[in-house]
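Report on one structure; see the data block that follows.
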């Protein structure tokens with residue numbers, strides 16, 4: 001399962017992220033898992049988590065690193081929740097950057 005993650009990659013590189021990039025990415029992974037199970041090749045949760053983390057864009061690397069450093073394994077469903085949280089954080093951070101406008105007012109007084 002060597003998926004690239006165009007949805008997440010494009011959402012982190014554009015100024016207006018796609019609305020469901022993580023949800024679409026995870027749905028694609030779930031489809032692959034279901035197809036593998038149908039042909040008699042079930043995939044364990046740990047492998048799914050690793051492949052999911054490997055497909056993330058660089059915007060998700062802090063989260064991926066933290067998950068890899070955990071002492072206890074994370075479930076695929078818990079990973080999904082954390083990815084959605086991080087996606088919301090990235091959107092909020094992007095909107096703050098786009099909405100920040102610095103203005104200055106210059107008043108000149110003449111003394112005659």
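Structure notes:
- Check on residue 5, in contact with a helix residue (DSSP H, G or I) (Cβ under 6 Å, 6 or more places away or on another chain) and at pLDDT below 95: yes
- You will find that of 59, 104, 88, the residue that is modelled with pLDDT under 95 and within 16 Å of residue 24 (Cα to Cα) is 88 and no other.
- Single residue of the stretch 55-64 satisfying the filter (part of a helix (DSSP H, G or I) and touching a residue at least 40 places away in the same chain (Cβ under 8 Å)) that is surrounded by the fewest Cβ atoms within 10 Å (Cβ to Cβ): 58
- Scanning the stretch 33-45 for residues that are in contact with a helix residue (DSSP H, G or I) (Cβ under 9 Å, 6 or more places away or on another chain) and in a helix (DSSP H, G or I) turns up 33, 45.
- Residue in the stretch 65-77 that is farthest from residue 23 (Cα to Cα), counting only those that are more than 14 Å from the chain's Cα centre (by Cα) and not in a loop (DSSP other than H, G, I, E, B): 68
The values are calculated or read from the model by the stated rules, or taken from the named source; none is laboratory data. These figures come from a predicted structure and were not determined experimentally. Counting neighbours? That spans all protein chains shown, and the Cβs are built from the backbone with ideal geometry, glycine included.
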